[in-house]
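J.: Below you'll find the structure I mean.
The values are calculated or read from the model by the stated rules, or taken from the named source; none is laboratory data. Note that the structure is predicted; figures quoted are calculated from it, not measured. Please note: Cβ atoms are built from the backbone with ideal geometry, for glycine as well, and neighbour counts cover all protein chains shown. Only protein heavy atoms, including side chains, enter the accessible area calculation; ligands, DNA and RNA are left aside. Shrake-Rupley method; radii C 1.70, N 1.55, O 1.52, S 1.80 Å.
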Amino acid sequence: MAEHTGDCFLVPGPVRMNQRCLDAMATPVITARGPEFRDVMAELNSGLRYAFNLAPSKPEKKTQSWAGDDDYKVMAVSGSGTAAMEMIIANRFRSNDLVLVPTNGKFGERVAEMCKRFCNVKHIKYEWGRAFDLYELEQQLERKCYEALLICHNETSSGITQDAPAIAEMCHRNQTSFILDGITSIGGLPVDLDGWNVEAAAMGAQKCTAGPSGIAAIAFNSRFYERCKAIKEQEDVNALFYLDFISAFKKGDDDQTPWTPAINLAMGWAQALNILKDEGLENRWQRCQELSTGVQNLFLDLGFELLADISQRSATVTAIMYPDGIDDNWRSDLKNKFETQVIGAQDHLKGKMFRIGSMGETTKEEMIEGCRRMLECFKQHGHDLADVDVASYF
Ligand SMILES: Cc1ncc(COP(=O)(O)O)c(C=O)c1O
């Protein structure tokens, strides 16, 4: 196996971009309203449908590239993943709707916080990294008072992937809409919007699809569209303008956007999605899974503690507790002395934990080299570690 040289960039997004994506962004500017941009949008839409694991569409303008042979459409959003989630939530709910949001980390909590701006929320807060109590969620849904259940599918802050198929089934049984923040799951691990009857989901370019930061997308079904349309027609829509879903929807058939789009970011993302198509979606899921399994087994064997419950550890991010006596100075040394970057923890776990991303186009070689450097840096910080063959874990 070839050795990785140079720096190791192992953060759970933004991830490193491929040269093809960078080159595409360096294209001289085009207008937002001409045929050239419609070509870009069509290519992007087709790539988005692929990443969302939806039925295919042609990467050609005037062919309804945002739609396919299923009940879903995709829509690019100029803004980061948060804008895409806000577009879903702000347009879909009325101020007197009630939604259920179970959480076990920072980004789920942010979904709940965002919902509070636009509707009523029952927020069930589990400890970071602990799986949801599905029995409790089912009891809530049986009350039949919730317009929707929203989850952060892959909780980047705590390294846990929710049991989406089980939650989807519960939502279906109780006729409750199911909505996903798929920002670090879509493109990186198995997602089945159609099979799970997901009404809408958001993804961010800079995560599992290795695109540029500042552009995101949503996928939604006809029920989502009908609800948003009815709310708008009844003039009951939340206060928003830039993220008005219906304004954007009206432009979709024409491969257009209501406002000036992030033109060059769209060009770059379309190429990153072509690279995903070249690799194959299931191959990427598998690579992410193999990288994360290797990381998890390696650190567990060396006596480290992982934050997430064993049954639901994420394939795209692993959260590892620091051993006694180590803090974030380790991470600074890892960056400065070993040219290797991982990310720290958020909120109450700051300084107590670090997170390794295994998403985007990260290679096995880079992960092996990065892990070797991490172990060496731990040794330099006085943490005794057994000598192990890191490559054998991958
Ligand atoms: C699961 C999840 N949701 C939402 C966000 C926020 O996305 P963005 O920073 O692209 O707005 C992130 C970012 O790390 C995330 O990991």
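J.: Tell me the relative contact order for segment 3-62 as a rounded percent, counting alpha carbon contacts under 8 Å between residues six or more apart.
T.: Value for segment 3-62: 22 percent.
J.: Provide the per-residue ³J(HN,Hα) series for segment 304-314, in order, calculated from phi with Karplus coefficients 6.51, -1.76, 1.60 and θ = phi - 60°, each as a whole number of Hz, with x at glycine and proline positions.
T.: 7, 10, 9, 6, 7, 4, 4, 6, 9, 6, 6
J.: Determine the shape class of segment 27-91: with a ≥ b ≥ c the square roots of the Cα gyration tensor eigenvalues, call it rounded for a/c under 1.5, and otherwise prolate if a/b is greater than b/c, oblate otherwise. Mind showing how you got there, number by number?
T.: Details: a/c = 2.11, a/b = 1.13, b/c = 1.87.
Oblate is the answer for segment 27-91, as a/c is 1.5 or above yet b/c matches or exceeds a/b.
J.: Run the numbers for CYS145 and GLN234: contour at 0.36 nm per residue of separation, minus the present Cα-Cα distance, in nm.
T.: Values: separation 89, 0.36 × 89 = 32.04 nm, distance 2.16 nm.
Between CYS145 and GLN234, full extension yields an extra 29.9 nm.
J.: A follow-up question, please. Given charges of +1 on the Cβ of Lys and Arg and -1 on the Cβ of Asp and Glu, with all other atoms neutral, how large is the dipole of the chain about its Cα centre, in debye to the nearest 20?
T.: So the dipole magnitude of the chain works out to roughly 1020 debye.
J.: Go ahead and run the numbers for FRET between ASN297 and SER213, Cβ-Cβ distance against an R0 of 25 Å, rounding to 0.05.
T.: That pair, ASN297 with SER213, gives E of 0.20.
J.: Quick check: with the 1.4 Å probe, what order do ILE167, ILE183, ILE343 take by accessible area, largest first?
T.: Result, largest first: ILE343, ILE183, ILE167.
J.: Once fully extended, how much extra length lies between TRP259 and LEU98, figured as 0.36 nm per residue of separation less the alpha-carbon to alpha-carbon distance?
T.: Taking TRP259 through LEU98 to full extension adds about 54.9 nm, to one decimal.
J.: What is the P(r) of segment 220-364, as percent of Cα-Cα pairs per 5 Å bin from 0?
T.: All Cα pairs considered, the percentages come to 2, 7, 12, 13, 12, 10, 12, 12, 10, 7, 3, 1.
J.: Ordered by packing density, taken as the mean number of other Cβ atoms within 10 Å over each peptide's residues, highest first, how do 130-141, 358-369 rank? Let's see the in-between values first.
T.: Details: 130-141: 15.4, 358-369: 22.2.
Final packing ranking: 358-369, 130-141.
J.: Percent relative contact order of the chain, based on C-alpha pairs within less than 8 angstrom and at least six residues apart? All intermediate terms of the calculation are to be shown ahead of the outcome.
T.: Values: 820 pairs, mean separation 96.5, N = 394.
Once divided by the residue count of the chain, the mean separation gives 24 percent.
J.: How large is Rg/Rh for the chain, to two decimals, with Cα atoms and a Kirkwood Rh?
T.: 0.98
J.: Contact order normalised by length for segment 104-170, with contacts defined as Cα pairs under 8 Å and 6 or more residues apart; what percent is it?
T.: Worked out over segment 104-170, it gives 45 percent.
J.: Let me ask you something else. If the chain between ASP163 and ARG20 were fully stretched, how many nm would it gain, using 0.36 nm times the residue separation less the Cα-Cα distance?
T.: 48.0 nm
J.: Now, a different point. Over what distance in Å are the Cα centres of segment 198-220 and segment 1-67 separated?
T.: 11 Å
J.: Another one. Going highest first, how would you order 98-111, 325-338, 286-299, 115-128 by mean Cβ packing within 10 Å?
T.: Order by mean packing, descending: 98-111, 286-299, 115-128, 325-338.
J.: Ok, one more. With both bridge residues required to lie in the chain, what share of the DSSP beta bridges run antiparallel, to the nearest 5%?
T.: DSSP beta bridges in the chain are roughly 55 percent antiparallel.
J.: Rg to Rh for segment 103-166: what is it, with Cα atoms only and Rh by Kirkwood?
T.: Computed over Cα atoms, the ratio is 0.94.
J.: Continuing with this model, one more query. Once both axes come from the Cα atoms, what is the angle between helix 81-92 and the longest principal axis of the chain, in degrees from 0 to 90, rounded to 10?
T.: 30 degrees
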